[in-house]
Amino acid sequence: LSVPSPHLQEATATAATGMEKEVAWLRRGTSVEVSSVEVEWLRAREGVKVLSQHYNVTIAEELPSGMPTVSLPPVLLRQTLLTILSLITPQVTMLSAIARLDPSVARLTLTLSGTPHPAQLTPGLQSSVETAAQLLTPFGSSAQLRSLQPLCIELTFVVAAEIPVLLIDDNLDMRYLFRRYATSSRYHIIDADDGANVLELANQFQVAAIILDIMMPALDGWELIAQLRHHPTTQAIPIIVCTILPQQDLSYHLGVAGFMQKPVSRATFLATLDGLLPLA
């Protein structure tokens with residue numbers, strides 16, 4: 001059994017540390033974002049198209065329609081798939097991708113399988129899967145090399161929870177903006193232009209938080225906060241005041257859980273929700 005040289009051991013340790021830093025940076029730079037496995041698979045497949053054409057490899061997929069999103073930033077999922085595909089495409093005669101959902105454990109599994117060429121598989125295959133695992137593990141997902149003959153790699157992802165958030169704002173542009181901010185996140189925005197039906201909406205959608213404008217023509221935000229705080233349906237739901245006015249101190253003294261002063265960036269929007277609704 002050969003022993004790796006000190007230089008190789010040092011290089012491996014440096015690479016591992018670099019990967020940890022990369023993942024840590026990615027986690028700081030993104031919210032708890034979600035991805036479509038189907039979308040990112042198709043992007044990754046297109047990314048290795050030049051390889052599949054060069055090596056005359058047919059890539060087929062069985063991806064059920066209506067698959068749920070998974071708890072990973074899109075860029076990370078795409079790069080994980082590219083990392084594996086770019087290595088195994090030159091080594092197989094045909095490659096298939098099959099996605100399966102297990103709702104009992106909220107997991108989605110993507111199985112990549114193929115028949116290798118008679119020649120020995122590239123030694124870097126195992127390390128490639130390990131690299132993918134390093135990227136996925138901090139997000140609760142995994143990558144495993146199940147077998148070599150036939151080749152089988154299994155990627156397992158955590159199905160994302162879609163968290164309903166109620167937005168009350170009479171400004172249509174603001175409601176549109178926040179819906180756009182929530183895209184590719186774990187949040188789903190239910191919006192209304194006034195607070196007339198806030199109790200009904202909160203109960204119907206079992207919302208996890210309420211974002212509330214203050215200056216509205218029919219019922220201002222302060223009155224609405226009082227109603228929400230004294231009604232058994234909504235008294236435990238975190239309220240986030242979102243206003244152009246500098247009224248943070250007043251808002252917190254009235255018992256709200258969060259405050260955002262307009263204009264609001266996507267980073268602030270997601271960070272505020274993430275702070276109140278941490279990943280379980």
**Complete:** Residues in segment 223-280 that are touching a helix residue (DSSP H, G or I) at 6+ places or on another chain (Cβ under 7 Å), farther than 20 Å from Pro164 by Cβ and assigned to a loop (DSSP other than H, G, I, E, B) total 2
**Message:** Among the residues of segment 15-31, are any open to solvent by less than 40 Å² (accessible area, probe 1.4 Å) and at pLDDT 90 or above?
**Reply:** no
**Prompt:** Is at least one residue of segment 145-166 assigned to a helix (DSSP H, G or I), exposed (fewer than 14 other Cβ atoms within 10 Å of the Cβ) and touching a residue at least 12 places away in the same chain (Cβ under 8 Å)?
**Reply:** no
**Asked** Considering only residues of segment 92-144 that are of a type in the set (Ser, Thr, Tyr) and touching a residue at least 60 places away in the same chain (Cβ under 8 Å), which is surrounded by the most Cβ atoms within 10 Å (Cβ to Cβ)?
**Response** Ser141
**Asked** Within segment 167-176, restricting attention to residues that are under 26 Å from the mean Cα position of the chain (by Cα) and in contact (Cβ under 8 Å) with a residue 12 or more places away in the chain, which residue is nearest to Pro263 (Cα to Cα)?
**Response** Met174
**Complete:** Checked segment 230-280 for anything of a type in the set (Val, Ile, Thr) and open to solvent by 80 Å² or more (accessible area, probe 1.4 Å); matches are Ile244
**Message:** Residues to consider are Ala202, Ala192, Ala226; find the one that is without any contact (Cβ under 8 Å) to a residue 40 or more places away in the chain, of a type in the set (A, V, I, L, M), on the phi < 0 side of the Ramachandran plot and in contact with a Ser or Thr (Cβ under 6 Å, 6 or more places away or on another chain).
**Reply:** Ala202
**Request:** Those residues that are crowded, with 18+ Cβ neighbours inside 10 Å and among the small types (Gly, Ala, Ser), I need them from segment 185-204; list them, please.
**Result:** Ser185, Gly195, Ala202
**Message:** Cβ-Cβ distance below 6 Å, separation of 6 or more or different chains: which pairs start in segment 47-60 with a residue that is of a type in the set (A, V, I, L, M) and end on one that is assigned to a helix (DSSP H, G or I)?
**Reply:** Val48/Leu85; Val48/Ser86; Val48/Thr89; Leu51/Thr89; Val57/Thr89; Ile59/Arg45; Ile59/Ser52
**Asked** If you go through segment 187-213, how many residues are under 31 Å from the mean Cα position of the chain (by Cα) and either of a type in the set (Ser, Thr, Tyr) or in a loop (DSSP other than H, G, I, E, B) (or both)?
**Response** 9
**Request:** Provide a single number: the residues in segment 40-67 that are out of contact with any Asp or Glu (no Cβ under 6 Å at 6 or more places or on another chain), within 30 Å of Tyr187 (Cα to Cα) and open to solvent by less than 40 Å² (accessible area, probe 1.4 Å).
**Result:** 3
**Asked** Among the residues of segment 205-223 satisfying the criterion of being charged (D, E, K, R) and out of contact with any Ser or Thr (no Cβ under 9 Å at 6 or more places or on another chain), which is most open to solvent (accessible area, probe 1.4 Å)?
**Response** Glu223
**Item:** Of all residues in segment 167-184 being outside any helix (DSSP H, G or I) and more than 16 Å from Val241 (Cα to Cα), the one that is most open to solvent (accessible area, probe 1.4 Å)
**Value:** Thr183
**Message:** Between a residue in segment 265-280 that is more than 12 Å from Ala182 (Cα to Cα) and any residue that is modelled with pLDDT of 95 or more and part of a helix (DSSP H, G or I), which pairs come within a Cβ distance under 9 Å, given they are 6 or more apart or on different chains?
**Reply:** none
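The values are calculated or read from the model by the stated rules, or taken from the named source; none is laboratory data. Computed from a prediction, not measured in an experiment: that's the story for all the values here. Virtual Cβ from ideal backbone geometry, glycine too; neighbours counted across all protein chains shown. Surface accessibility is based on the protein's heavy atoms, side chains included, excluding ligands, DNA and RNA. Shrake-Rupley method; radii C 1.70, N 1.55, O 1.52, S 1.80 Å.
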